[in-house]
Amino acid sequence: MDVPAPEKAYREYRDLMMTIARRRFRIPPDHVLELVHDVMVSFLRCRNQIQNPQRWFVGAICNASRSWWTARDGEPHFGEMTDETRNLADPVGVMERRVAIGNLLATLSERHRDILDLHYLQGYTAREIAVRYNTTPKYVAKLIHQGLRRAAESRKPSDATIATSF
């Protein structure tokens, strides 16, 4: 398996790593991106030695999440293994889906991408996003709806099952 360039690797694996850190390891939302960036720095240091990038990124974010809890003298709260977290542990299908979703999101404006990312991948509420963007929750809900509609309009027939998963 070819190791992608750093920019491509970040785009391909960022959402997966954020989901694992948030859902499996219960890392607080304001620390998740910090962990992802730490993993990317490690990737830059050893990318020539990586044989399977997908497995490497999953393992690296798991290790980073465990270390995060250890550094805070806290007991990690891993949550129960659900079907969703089992899929995250073996991310082949999940990764393909994320790539397809990334392709759909690439057709949207930066603002719509950011809003959908915050809401669906990072778990922020419309109210929290509104505070961040200095607007109203109602307007954020409208942006979420517009983003989903535009993604659905731009999808190819093979992407039909992906857009419905939002």
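The values are calculated or read from the model by the stated rules, or taken from the named source; none is laboratory data. Nothing here was measured: the structure is a model prediction, and the numbers come from that model. A quick note on method: Cβ atoms are made from the backbone with ideal geometry, for glycine too, and the neighbour counts reach across all protein chains shown. The protein model used for the area step is the full one, side chains on, heavy atoms only, and it has no ligands, DNA or RNA in it. Shrake-Rupley method; radii C 1.70, N 1.55, O 1.52, S 1.80 Å.
Which ones in segment 14-30 are more than 11 Å from ILE61 (Cβ to Cβ) and either of a type in the set (Val, Ile, Thr) or assigned to a loop (DSSP other than H, G, I, E, B) (or both)?
ARG26, PRO28, listed by residue number.
Can you pull out every residue in segment 21-34 that is touching a helix residue (DSSP H, G or I) at 6+ places or on another chain (Cβ under 6 Å) and farther than 11 Å from ALA64 by Cα?
Matches in segment 21-34: ARG22, ARG24.
Exactly one of these conditions fails for VAL32: (1) under 28 Å from ARG132 (Cα atoms); (2) of a type in the set (A, V, I, L, M); (3) modelled with pLDDT under 90. Give me its number.
So VAL32 meets the others, but not (3).
Just the residues that are of a type in the set (A, V, I, L, M) and either at pLDDT 85 or above or part of a helix (DSSP H, G or I) (or both), please, taken from segment 2-13.
Selection gives ALA5, ALA9.
Being open to solvent by 60 Å² or more (accessible area, probe 1.4 Å) and under 21 Å from HIS37 (Cβ atoms) is the filter; apply it to segment 64-81 and report the residue that is modelled with the lowest pLDDT.
ARG72
Suppose we keep only residues that are among the basic types (Lys, Arg) and touching a residue at least 40 places away in the same chain (Cβ under 8 Å) within segment 36-71. Which one would you say is farthest from ILE20 (Cα to Cα)?
ARG47
Criterion first (modelled with pLDDT under 80 and open to solvent by 50 Å² or more (accessible area, probe 1.4 Å)) does GLU84 satisfy it?
Criteria met by GLU84.
If a residue has to be open to solvent by 60 Å² or more (accessible area, probe 1.4 Å) and either of a type in the set (Val, Ile, Thr) or within 19 Å of LEU118 (Cβ to Cβ) (or both) to count, how many in segment 23-63 make the cut?
7
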